[in-house]
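Here it is: the structure, laid out below.
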């Protein structure tokens, strides 16, 4: 359909105003005369006009034979029904999901390294096996996670890089099997849900409880949002095409868990993205059995059917390595995420390095204060300004406390070699390098803890009690991540719609 031109073809158009005609002429004759004139004129938008799919048609007139066709652009899908609002979007983002089979603090660096190498903006994690729930910052990445209170089982997380971090509106830490993060997009917001379904050996009640919880989470998601549900579904949908849900490029034969997943997609108007694109089999399977004899497709990326055309590709990245039996599954899509400005952090002083100049400057400025017949609030504000201004000028800024990374450079280099061996199919070399990585990682952890103990003993010897207990807390590893949840008077979590 051709986009409507801004040119006013007749005097009857008025941007919402009442149609006006001359009182000297019959209105029907006037409309007929205007329509005849329009049909005789050449349409000014014929050249380079676009369909809603982004494809262009060519004008076969000779005067345009030397014109190079414009490069194909992919439009943001219009869900309002107004074709004039279809816009071409040049921004491409990458979203992925990965079952890592546990991830401790040291191995978090390996995941961040792979995430940066593959250029993944949003990564969902299954089988995290962390306890508790919350969110925290790690270098250029931000992690939202949810696990069980005490047992290191299941667990899910969503990691975002600095490119999309400022577009995050909020998160919903549902339980140890699902979590959602909402992003501010343009023209509509985007919600990403990471899920980890029970295995095929689980009881039917557990599977139904999982889908009920997932449906509850969907009910809290605004209907207009662009929805992605990613994760390890422990299900096979097969290569048989299901209209509106799966394509004909799946892998294997469906099972009962796969049929349950298809029914869930049909109920919620979802499409499975990694069955829509023809790929080599090594780009389709997401799980390999321990003996290497069986490979299945059990991880999926689900997307709203109305936003299906925004997906550019969906495939696995076998070269990404984390010593897991699952492959990294990614999809690339074209949508706009709103760039929200960064929040200013409060100025933090290094209280261990207060110079003598600060004391002298504050004393001199206090001597000049006029305290006679002054209101206490005015005196307080002046004292506050003196301390604040003098501190900023003389006291150095405190350094950001970064989490210790006890993995050495040697371990990270072996991780790179292990990934190369995996991509080349060298199984024996891969097995050897994996054992070497585990050995060096355990050695690095012991060295790190030994150094921390020596530092604690030194602070105790010097009598620095405050630094001593702070170091003990950091070494102990009792990590309390902040929670992005707002509760009502009854202690129930509030959704964004309820807050508004």
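Only one of these is modelled with pLDDT under 85 and surrounded by 13 or more Cβ atoms within 10 Å (Cβ to Cβ): 351, 371, 335. Name it. Quick ask: steps written out before the conclusion?
Details: 351 fails: surrounded by 13 or more Cβ atoms within 10 Å (Cβ to Cβ); 371 fails: surrounded by 13 or more Cβ atoms within 10 Å (Cβ to Cβ).
Exactly one of 351, 371, 335 is modelled with pLDDT under 85 and surrounded by 13 or more Cβ atoms within 10 Å (Cβ to Cβ), namely 335.
What about residue 260, is it in contact with a helix residue (DSSP H, G or I) (Cβ under 8 Å, 6 or more places away or on another chain), surrounded by fewer than 22 Cβ atoms within 10 Å (Cβ to Cβ) and assigned to a helix (DSSP H, G or I)?
On the way: in contact with a helix residue (DSSP H, G or I) (Cβ under 8 Å, 6 or more places away or on another chain): yes; surrounded by fewer than 22 Cβ atoms within 10 Å (Cβ to Cβ): yes; assigned to a helix (DSSP H, G or I): yes.
Taking the combined requirement at face value, the residue satisfies it.
Conditions (1) surrounded by fewer than 23 Cβ atoms within 10 Å (Cβ to Cβ); (2) touching a helix residue (DSSP H, G or I) at 6+ places or on another chain (Cβ under 6 Å), marked per residue:
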| position | (1), (2) |
| --- | --- |
| 162 | yes, no |
| 174 | yes, yes |
| 188 | yes, no |
| 193 | no, no |
| 199 | yes, no |
| 204 | yes, no |
| 222 | yes, no |
| 233 | no, yes |
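Tell me whether region 304-314 contains one or more residues that are without any contact (Cβ under 8 Å) to a residue 40 or more places away in the chain and more than 26 Å from residue 210 (Cα to Cα).
Yes, because at least one residue in region 304-314 is without any contact (Cβ under 8 Å) to a residue 40 or more places away in the chain and more than 26 Å from residue 210 (Cα to Cα).
Quick one: count up the residues across region 239-250 that are crowded, with 20+ Cβ neighbours inside 10 Å and more than 23 Å from residue 307 (Cβ to Cβ).
0
Here's a follow-up. Scan region 361-394 for residues that are over 23 Å from residue 348 (Cβ atoms) and either touching a helix residue (DSSP H, G or I) at 6+ places or on another chain (Cβ under 8 Å) or in a helix (DSSP H, G or I) (or both) and report the count. Can you show your working first?
Of the residues in region 361-394, the ones over 23 Å from residue 348 (Cβ atoms) are 363-364, 366-379, 382.
Those left that are additionally either touching a helix residue (DSSP H, G or I) at 6+ places or on another chain (Cβ under 8 Å) or in a helix (DSSP H, G or I) (or both): 363-364, 366-367, 369, 371, 376-379, 382.
Result for region 361-394: 11.
Collect the residues in region 413-425 that are part of a helix (DSSP H, G or I) and exposed (fewer than 12 other Cβ atoms within 10 Å of the Cβ), keeping them in residue-number order.
Quick first cut of region 413-425, residues part of a helix (DSSP H, G or I) only: 413-424.
Within region 413-425, 424 is the sole residue that qualifies.
Sticking with this one: Sort through 428, 445, 436 and tell me the only one that's surrounded by 15 or more Cβ atoms within 10 Å (Cβ to Cβ) and modelled with pLDDT of 85 or more. Step through it out loud before you land on a result.
Values: 428 fails: surrounded by 15 or more Cβ atoms within 10 Å (Cβ to Cβ); 445 fails: modelled with pLDDT of 85 or more.
Every option except 436 fails the conditions.
When region 138-166 is examined, which residues are found to be under 16 Å from residue 112 (Cα atoms), outside any loop (DSSP other than H, G, I, E, B) and over 14 Å from the mean Cα position of the chain (by Cα)?
Of everything in region 138-166, just one residue is under 16 Å from residue 112 (Cα atoms), outside any loop (DSSP other than H, G, I, E, B) and over 14 Å from the mean Cα position of the chain (by Cα), namely 138.
The values are calculated or read from the model by the stated rules, or taken from the named source; none is laboratory data. Here the structure is a predicted model, which means the values were calculated and not measured. Cβ coordinates were reconstructed from backbone atoms using ideal geometry, including for glycine residues, and neighbour counts include every protein chain displayed.
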